[in-house]
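The values are calculated or read from the model by the stated rules, or taken from the named source; none is laboratory data. This is a predicted model, so every value here is computed, not measured. Cβ placement follows ideal geometry from the backbone for every residue including glycine, while neighbour counts extend to all protein chains displayed.
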Amino acid sequence: MDAIHSGGCACGAVRYQVRGEPELVQVCHCNFCQRRLASAFAVIAVFAHDAVDILQGQLTEREYRSDESGRWLRMSFCPQCGTTIAHTAQIRPGCRSIAAGTFDDPDWLKIDRHIWVRSKRPWVTIPEGVAVFQQGFVASPTGT
Ligand SMILES: [Zn+2]
Ligand SMILES: [Zn+2]
């Protein structure tokens, strides 16, 4: 049976669970992630859409479009407290990405790669042995 990990927003209105391992975990240092999370980078755990269950609460969605690629990104957040829980991206059909800071145990994930490192904060040091990309990264034409 798949391992289950759960999480939720800051106010507790939204709760979710994921089943199994993520397809990918990446740290994104792009300017958009820095601003949307009011932080230095985003930790993004990508799951198959079906592996994510919203157990409680409603998510509000807002769509953005990348200046650079023109592709859309839909952020899902708690309308009560504003915590970003997840997003879906045009580039990853069939997947749902969880904002990894919302897991009850954020330490269960292993980081696969750092992307958009060209705009990372100068005081962020990336550990040895992890893949680093100056810009985005698409492994295959399907974007998975
Ligand atoms: Zn909330
Ligand atoms: Zn980003």
Looking at (1) out of contact with any Phe, Trp or Tyr (no Cβ under 8 Å at 6 or more places or on another chain); (2) surrounded by 13 or more Cβ atoms within 10 Å (Cβ to Cβ); (3) under 19 Å from Pro22 (Cβ atoms), can you tell me which one Pro93 breaks? (2)
Strands (runs of 3 or more DSSP E) within segment 1-111 that include 1 or more residues over 21 Å from Val132 (Cα atoms) and more than 16 Å from ligand 1 (Cβ to nearest atom): 4-8, 15-19, 42-48, 52-56, 60-65, 72-77, 84-89, 95-99
Among the residues of segment 71-79, is any more than 16 Å from ligand 2 (Cβ to nearest atom), within 13 Å of Cys9 (Cα to Cα) and surrounded by 12 or more Cβ atoms within 10 Å (Cβ to Cβ)? yes
Does Thr83 qualify as being among the hydroxyl-bearing types (Ser, Thr, Tyr), more than 15 Å from ligand 2 (Cβ to nearest atom) and in contact (Cβ under 8 Å) with a residue 24 or more places away in the chain? yes
Might you let me know whether segment 1-11 holds any residue that is touching a residue at least 24 places away in the same chain (Cβ under 8 Å), among the hydrophobic types (A, V, I, L, M, F, W, C) and in contact with a strand residue (DSSP E or B) (Cβ under 8 Å, 6 or more places away or on another chain)? yes
Positions within segment 89-119 being in contact with a Cys (Cβ under 7 Å, 6 or more places away or on another chain) and not hydrophobic (A, V, I, L, M, F, W, C), in sequence order: Thr102, Ser119
Give all pairs with beta carbons closer than 8 Å in which a residue from segment 111-131 that is within 12 Å of ligand 2 (Cβ to nearest atom) meets a residue that is assigned to a strand (DSSP E or B) and β-branched (Val, Ile, Thr); count only pairs at least 6 apart in sequence or on separate chains. His114/Val27; His114/Val132; Ile115/Val27; Val117/Val132
Only one residue in Ala48, Ala89, Ala40 is modelled with pLDDT of 95 or more, within 16 Å of ligand 2 (Cβ to nearest atom) and of a type outside the set (D, E, K, R). Which one? Ala40
Given (1) away from ligand 2 (no atom under 16 Å from the Cβ); (2) surrounded by 15 or more Cβ atoms within 10 Å (Cβ to Cβ), identify the lone condition not met by Gln56. (2)
Name the residues in segment 1-29 that are out of contact with any helix residue (DSSP H, G or I) (no Cβ under 6 Å at 6 or more places or on another chain) and within 16 Å of ligand 2 (Cβ to nearest atom), would you? Leu24, Val25, Gln26, Val27, Cys28
